[in-house]
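Student: Right, I'll just put the structure down here and ask away after.
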Amino acid sequence: MTASTTNTDTGADPSDAVVIIGAGHAGGTAAAMLRQYGFAGSISLIGEEPLPPYQRPPLSKAWLKGEADGDSLALRAPEFYVEQAIDLRLGVVADAIDREGRQVRLSDGATLSWSRLILATGARARTLDVPGADLDGVHVLRTAADAEAIKASLGPGRTLAVVGGGYVGLEVAASARALGSEVVVLEREARLLARVACGVLSDFFQTYHQANGVRFELAADVTGFTGQGGRVAGVVLADGRTVACDAVVVGVGAIPNDALAHDAGLTIDGGIVVDLQARTSDPAIFAIGDVTRRPMPIYDRMFRMESVPNALEQAKQAAAAITGRPAPAGETPWQWSDQYDLKLQIAGYPFDADRIVVRGVPSSTGFAVFHLKGDTVHAVEAINAPPEFMMGKKLIGERRAVDVAKLADKAVSMKEVGIG
């Protein structure tokens, strides 16, 4: 199905045209920011899904629990795109980019011309190349359609197997338990969150989920799925065991959707390489969001981030560059995860950290783990601890030395820690 909210009487300059490929959080925000920054040319926003741009983080939480839908999660009301003269084309994909001719060919046969192009193609869920992976009931979670299919398989008397003990897997596990499903999490590594969090946080989340009825199988390598009548009935492990289930959610990471950029000859290195203006190796083409590998000045490295704050920051960078505005100030990267009554807020990344400081006792009442290199904070993981998160984020950005003894002492306020 193809939908469009084109307004043909807009006054926009068709010779100055921005085409945005990808109508997720990054692409939708870029379109809005261009208008906010005074861009008067034409804007086309191309989305593969049938829904206008919407918030994705709630898919693993509020959507699964029936507390949200496409309307409530929409970034903006449908009439916004008409009022702002944004040509929103849904249910289509871009097949090819002609850099020399500055055109994009779409799957519905249309061709769009552009003076500037923004790639916001996101990332796709990594799947398992094992027997039975194509059985009904084996899900991934990236889109509203994915979330709706998973939701239909949850409820009392049903068992969900979650392959992957990362944040998305744990969020799905918490939502499934709220709906009365039995849940077993299968993680290949020896601990949860092994690639994204410290051991203190891993232990805390495992204990908390177990208290809420989630079962874990760690160091469990999935080698296949069994089925009955074409639908998944179990997960086969490398040690020969089969874990019975009624549905599976595979959450083992994501792969950047950079094939379109690769075919167009743009520089790729684990994502589309961009600068701090979100500009690619072609100065007329920008890339934003999960698909990019971008500079991180505070860590002096390149990195691919998957977070809403990153998508918003890069959307502002691209819109500012296109409209000739000053580049926005750099931001400390951050993200979050909601599970049960726990609010995890993370700022920074523990690159090069050589020690951790735990502030408070790990519990649901609030604590934080700070990652430091010497006496400089590089990252903070805060559970139900907004002051620690906010000040930690500030300290990371400022790259200022802290009094580690004060940082570790919960009796000392974070304001005082920040003063030095």
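The values are calculated or read from the model by the stated rules, or taken from the named source; none is laboratory data. Bear in mind that the values here come from a model prediction, so they are computed numbers and not experimental data. Every residue, glycine as well, gets a Cβ built from its backbone with ideal geometry; the counts of neighbours run over all protein chains shown. SASA here: full protein model, heavy atoms, side chains in, ligands and nucleic acids out. Shrake-Rupley method; radii C 1.70, N 1.55, O 1.52, S 1.80 Å.
Student: Packing-wise, with mean Cβ within 10 Å as the measure, how do 284-292, 176-184, 125-133 rank, highest first?
Tutor: Averaged packing, sorted descending, gives the order 284-292, 176-184, 125-133.
Student: So, one more: Under the 0.36 nm per residue contour assumption, what length would be gained going from the current alpha-carbon distance of D269 and A284 to full extension?
Tutor: 3.5 nm
Student: List the residues, sorted by chain then number, that are 5 or more residues from L45 or on another chain and whose placed amide H is less than 5 Å from its amide H.
Tutor: Correct list: I20, D87, L88, R89.
Student: Using only the Cα atoms of the chain, build the gyration tensor, take square roots of its eigenvalues as a ≥ b ≥ c, and label the shape rounded, prolate or oblate: rounded if a/c is under 1.5, else prolate if a/b is larger than b/c, else oblate.
Tutor: oblate
Student: Could you tell me which residue out of G47, H378, A233 lies farthest along the dipole of the chain toward its positive end? Charges go on the beta carbon: Lys and Arg +1, Asp and Glu -1, centred on the Cα centre.
Tutor: Selected residue: H378.
Student: Also: Taking the Cα-to-Cβ direction at A259 and at L218 and moving 7 Å from each Cα, how far apart do the two end points lie in nm?
Tutor: The answer from the label model is 3.7 nm.
Student: Could the peptides 24-35, 374-385 be put in order, highest first, of the mean number of other beta-carbon atoms found within 10 Å of their residues?
Tutor: Answer by packing, highest mean first, reads 24-35, 374-385.
Student: So how far apart, in nm, are the two label points at Q277 and S15 if each is 7 Å from Cα heading toward Cβ?
Tutor: 2.2
Student: Quick one: grab the alpha carbon gyration tensor of region 294-353, order the square roots of its eigenvalues as a ≥ b ≥ c, and give me rounded if a/c is under 1.5, else prolate or oblate depending on whether a/b is larger than b/c.
Tutor: The shape class here is oblate.
Student: Counting pairs of alpha carbon atoms under 8 Å apart in space and at least six apart in sequence, what relative contact order in percent does the chain give?
Tutor: 13 percent.
Student: How large is ³J(HN,Hα), in whole Hz, for each residue of region 372-384 in order, when computed from phi with the Karplus curve 6.51 cos²θ - 1.76 cosθ + 1.60 and θ = phi - 60°, using x for Gly and Pro?
Tutor: Going residue by residue, I get 10, 10, x, 10, 10, 6, 9, 7, 9, 10, 10, 9, 6 Hz, with x marking Gly and Pro.
Student: What are the ³J(HN,Hα) values, in whole Hz, obtained from phi via the Karplus relation 6.51 cos²θ - 1.76 cosθ + 1.60 with θ = phi - 60°, for each residue of region 402-412 in sequence order, with x given for Gly and Pro?
Tutor: 10, 7, 5, 4, 5, 4, 7, 9, 4, 6, 8
Student: Moving on. Separation between the D69 and R124 pseudo-spin-labels, each 7 Å from Cα along Cα→Cβ, expressed in nm?
Tutor: 2.9
Student: Provide the FRET efficiency to the nearest 0.05 for the A405-E148 pair, computing r from the beta carbons and using R0 = 45 Å.
Tutor: Plugging the Cβ-Cβ distance into 1/(1 + (r/R0)^6) gives 0.30.
Student: Among L135, Q84, A329, whose Cα sits farthest toward the positive end of the charge dipole of the chain (+1 at Cβ of Lys/Arg, -1 at Cβ of Asp/Glu, about the Cα centre)?
Tutor: A329
Student: So how exposed is W334, as accessible area in Å² (1.4 Å probe, rounded to 10)?
Tutor: Spelled out: W334, probe radius 1.4 Å, area about 80 Å².
Student: May I pose another question? With an 8 Å cut-off on Cα pairs and a minimum separation of 6 or more residues, tell me the relative contact order of region 273-420 in percent.
Tutor: Reported as a whole number, the value is 15 percent.
Student: Would you please give the residues with an amide H less than 5 Å from that of Q339, counting only those at least 5 places away or on a separate chain, with H modeled from the backbone geometry?
Tutor: Here L344 satisfy the definition.
Student: Non-local amide H neighbours of D95 (under 5 Å, H modeled in plane, Pro and chain starts lacking H): which ones?
Tutor: R105, L106, S107
Student: Continuing with this model, one more query. Nearest 5 percent is fine: what portion of the DSSP beta bridges confined to the chain is antiparallel?
Tutor: 60
Student: On to the next question. Output ³J(HN,Hα) for region 329-346: one whole-Hz value per residue in order, computed from phi by the Karplus curve 6.51 cos²θ - 1.76 cosθ + 1.60 with θ = phi - 60°, and x for Gly and Pro.
Tutor: Here the 3J(HN,Hα) series is 4, x, 10, 6, x, 8, 7, 8, 8, 10, 9, 6, 9, 9, 10, 9, 10, 10 Hz.
Student: How much length would be gained if the chain were fully extended between E83 and R355, taking 0.36 nm per residue of separation minus their Cα-Cα distance, in nm to one decimal?
Tutor: 92.7 nm
Student: Taking the Cα centroid of region 53-132 and of region 343-406, what is the distance between the two, rounded to the nearest whole Å?
Tutor: Result: 35 Å between the Cα centres.
Student: Does region 183-230 come out rounded, prolate or oblate by the C-alpha gyration tensor, with a ≥ b ≥ c the root eigenvalues, rounded set by a/c under 1.5 and, if not, prolate when a/b is larger than b/c and oblate if not?
Tutor: Oblate, since a/c reaches 1.5 and b/c is not below a/b.
Student: Once the Cβ-Cβ distance between R195 and R99 is put in as r, and R0 is 35 Å, what FRET efficiency do you end up with, to the nearest 0.05?
Tutor: Working: r = 35 Å, r/R0 = 1.01.
E between R195 and R99, to the nearest 0.05, is 0.50.
Student: Please work out the FRET efficiency for the pair A110 and K373, using the Cβ-Cβ distance as r and a Förster radius of 60 Å; give the result to the nearest 0.05.
Tutor: The pair A110/K373 has a calculated efficiency of 0.70.
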